[in-house]
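The values are calculated or read from the model by the stated rules, or taken from the named source; none is laboratory data. From a predicted model like this one, the values you see are computed outputs, not experimental measurements. Note that we place each Cβ from the backbone using ideal geometry, even for glycine, and neighbour counts take in every protein chain shown. Remember, those area values only see protein heavy atoms, side chains included, never the ligands or the DNA or RNA. Shrake-Rupley method; radii C 1.70, N 1.55, O 1.52, S 1.80 Å.
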Amino acid sequence: MICPFCRTVNRDENGTCYKCEKDLSMLRLIVNKAKSHFNTALEFAERDRNEEAIAELHNAIDLDHTHVNSHVVLGTLYAKIGQLDRAEECWREALAVDPRFQKAHEYLEKLGRGRKSLPIVRRQRLLMTVMLVLLVSLAAWFIVLSSPKPSQLRLTDAWVRYHENDYAGALDVLQAFSATPAESFVGDQAQLLRDLIHKHMAFLLGSARTYLDQNKIAEARLQVQTLKDLSPPQTIREAAGRLMDEIDRTGQELLLVSARDAFGRRDLEAAHAMVADLLAQSPPVQIEEIAREMEEQILLASHAAVSAALELLSQGNASEDTVREQIETCRAVSADPDADEFLIQSQKAFALIVRTRKIDEAINLFKEGKIDQIGLLERMVALGKEYPDYEKLENTIAQFYTPLRDKLAQSLESDIETGRLESADSTLGTLEHLYALVEPDRAQVVLSPFRKRIEERRAGSLIERVKTAYASGDFEKTAQLARDAAEIDEIDDTTRAVMKTMLERSNARLAEERWEWMAQIERSGRYTGNRISLSEAQKTIEYYPLVEKHVSRKVYPHADETLLFYLAMSYRKVGQTDEAAKTFSLLEERFPESRFLEWVKRYAPSAENASNEKDGNPSQESLER
């Protein structure tokens with residue numbers, strides 16, 4: 001016996017799984033019932049009652065699909081009655097359950113060998129069929145040639161009616177043989193057909209009775225219906241009707257017992273389904289009254305289960321899924337769930353308990369310090385979307401939102417007044433998030449004035465810093481701050497013009513300082529002597545745009561050619577040989593009378609050689625170095 005929870009093999013007598021300790025009592029009953037069907041099938045098979053044995057084996061497999069012996073024996077019975085495909089299917093099912101079962105392998109191997117010789121057998125059968133057809137044709141021709149007698153015609157008519165499943169008509173025709181003596185051969189054939197019909201009808205009635213005694217209602221009903229389809233005589237038809245009434249009554253009684261068992265196990269949905277099936281069969285008044293009473297008991301039991309689950313949920317001793325299952329069961333057993341007042345009120349109570357629990361959980365997390373007020377409000381707003389029009393939730397949101405909003409607004413006001421702009425930005429961001437959660441429609445109107453005041457205060461602070469930096473002679477910082485201030489939307493045009501003027505002045509002073517720095521390097525002959533350091537070359541390249549744009553040409557008339565020379569030598573130093581060559585060429589082109597042409601001619605070829613070196617052709621100077 002395999003545990004359905006952990007797939008562990010247990011002894012058949014175990015009541016619980018030795019590994020996961022789950023209750024296996026119901027599974028044990030099912031397995032034992034399957035074995036009982038299997039043993040009954042073996043008894044039927046020994047007495048050559050193959051159809052009944054096959055039915056028992058199917059019952060066993062339906063109860064326990066893993067019972068490999070049932071599959072194997074069922075396959076052998078199908079093979080015995082010539083249904084080889086179904087036999088093969090059963091044996092393969094056995095191997096699917098237990099691939100090591102040797103008997104199934106042996107049967108499949110024998111089946112394969114048998115099928116190889118099947119074409120020869122089929123040819124033999126075809127030959128026999130052809131011969132049989134010829135014999136029948138000759139017999140028919142002989143009958144046609146011979147003058148058929150009335151008794152022979154009646155016998156033929158009876159056989160035709162028999163094959164058309166008109167047993168009553170066949171017996172009526174055969175009745176004439178009792179009144180009128182016929183030839184011995186025809187009379188014997190008539191008696192043989194009469195016995196055959198009576199035995200078949202008796203067999204169907206007997207098998208139906210046997211199935212009924214075994215409480216196999218479906219099988220018994222099938223046998224009786226088969227008998228009715230044969231158009232039996234009136235007496236047999238009446239007997240079949242009485243037996244069918246007894247089968248229906250027994251089936252209804254068994255269904256009622258099964259419904260009681262399910263109700264006792266508190267499987268209310270199964271019990272309700274059985275009772276509904278029973279009532280649909282129009283049972284006798286007494287059984288109907290019992291079924292109606294049980295139907296009412298099932299509904300009351302489902303109400304009690306829902307009420308108990310709701311009570312446990314409100315105390316925190318049950319899960320929401322448990323209550324949902326009970327409510328769904330109540331809905332399933334209710335005649336009209338949409339109009340069931342108890343069910344409607346229970347669903348409302350369930351929703352109320354769930355909402356209240358979620359609110360209380362959020363508040364407890366806040367009290368325990370696991371979430372802050374913003375986190376609490378986020379949870380509350382999410383619950384508000386899940387449960388709209390819930391007054392308690394709206395009141396709870398208002399209880400926490402209003403004080404927090406007012407406190408943050410006061411803090412933002414204080415930060416702006418005292419110039420704590422970083423703190424003001426943070427507080428404003430929190431307020432924006434808060435308004436987006438609770439009052440998104442008012443966020444723009446309420447927060448825009450605060451945002452404008454912060455920017456104005458930031459602009460004023462930035463302007464003061466610009467003036468301070470300029471006064472201290474830090475022109476680089478002044479230029480950067482002035483650029484930032486000029487881009488602020490909140491400053492007026494006059495202030496913006498002042499910032500631009502200070503930016504121009506700062507750039508001019510900064511350009512003059514850097515020009516002086518370059519001139520100091522050249523005073524020691526480091527540009528013309530090609531002795532500048534790598535850092536000096538990098539700074540020259542960095543300073544060039546600012547100095548070239550802002551240095552005064554009135555004060556320094558030769559600044560353009562001088563700067564181009566400094567730049568070319570710096571490019572040469574950092575290894576940007578292509579740029580160095582281009583800059584030397586530009587210098588020669590723009591200033592053909594330049595005082596730096598001597599050094600250009602000296603260093604420009606070296607720049608070209610350095611370029612060749614970069615392309616894989618090192619210069620002599622680089623090799624010597």
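Looking across segment 504-555, the residues that are buried (at least 17 other Cβ atoms within 10 Å of the Cβ), of a type in the set (A, V, I, L, M) and part of a loop (DSSP other than H, G, I, E, B) come down to ILE532, VAL551.
Among residues of segment 380-429 being basic (Lys, Arg) and within 38 Å of the chain's Cα centre (by Cα), the one that is most open to solvent (accessible area, probe 1.4 Å) is LYS385.
Of all residues in segment 331-349, those satisfying the criterion of being open to solvent by less than 70 Å² (accessible area, probe 1.4 Å) and not small (Gly, Ala, Ser) are VAL333, PRO337, ASP340, PHE342, LEU343, ILE344, GLN347. The residues of segment 238-270 that are open to solvent by 70 Å² or more (accessible area, probe 1.4 Å) and in contact (Cβ under 8 Å) with a residue 24 or more places away in the chain, listed by number, are ARG249, GLU253, ARG260, ARG266, GLU269. Could you check, for segment 457-470, whether at least one of its residues is open to solvent by less than 80 Å² (accessible area, probe 1.4 Å), free of Cβ contacts under 8 Å to residues at least 40 places away in the same chain and within 27 Å of TYR571 (Cα to Cα)? Within segment 457-470, not a single residue is open to solvent by less than 80 Å² (accessible area, probe 1.4 Å), free of Cβ contacts under 8 Å to residues at least 40 places away in the same chain and within 27 Å of TYR571 (Cα to Cα).
Residue count for segment 350-379 under the criterion of being over 30 Å from the mean Cα position of the chain (by Cα) and open to solvent by 70 Å² or more (accessible area, probe 1.4 Å): the result is 5. For segment 470-492, check the following and say yes or no: at least one residue is modelled with pLDDT of 75 or more, farther than 30 Å from LEU563 by Cβ and out of contact with any helix residue (DSSP H, G or I) (no Cβ under 8 Å at 6 or more places or on another chain). Within segment 470-492, none of the residues are modelled with pLDDT of 75 or more, farther than 30 Å from LEU563 by Cβ and out of contact with any helix residue (DSSP H, G or I) (no Cβ under 8 Å at 6 or more places or on another chain).
Among the numbered conditions (1) in a helix (DSSP H, G or I); (2) exposed (fewer than 15 other Cβ atoms within 10 Å of the Cβ); (3) under 55 Å from the mean Cα position of the chain (by Cα), the only one that GLN191 does not meet is (3).
Being in a helix (DSSP H, G or I) and among the aromatic types (Phe, Trp, Tyr) is the filter here; which residues of segment 85-103 pass it? If the condition is that a residue be in a helix (DSSP H, G or I) and among the aromatic types (Phe, Trp, Tyr), then TRP91 is the only one that fits. Which of the residues belonging to segment 46-72 are open to solvent by less than 60 Å² (accessible area, probe 1.4 Å) and part of a loop (DSSP other than H, G, I, E, B)? ASP64, HIS67 - these are the residues of segment 46-72 that are open to solvent by less than 60 Å² (accessible area, probe 1.4 Å) and part of a loop (DSSP other than H, G, I, E, B). Condition test on LYS149, is it open to solvent by 60 Å² or more (accessible area, probe 1.4 Å) and either modelled with pLDDT of 85 or more or farther than 25 Å from GLU51 by Cβ (or both)? For LYS149, the condition - open to solvent by 60 Å² or more (accessible area, probe 1.4 Å) and either modelled with pLDDT of 85 or more or farther than 25 Å from GLU51 by Cβ (or both) - is met. Mind listing whichever residues of segment 34-45 are open to solvent by less than 70 Å² (accessible area, probe 1.4 Å) and over 45 Å from the mean Cα position of the chain (by Cα)? Residues satisfying the conditions are THR40, LEU42, PHE44, ALA45.
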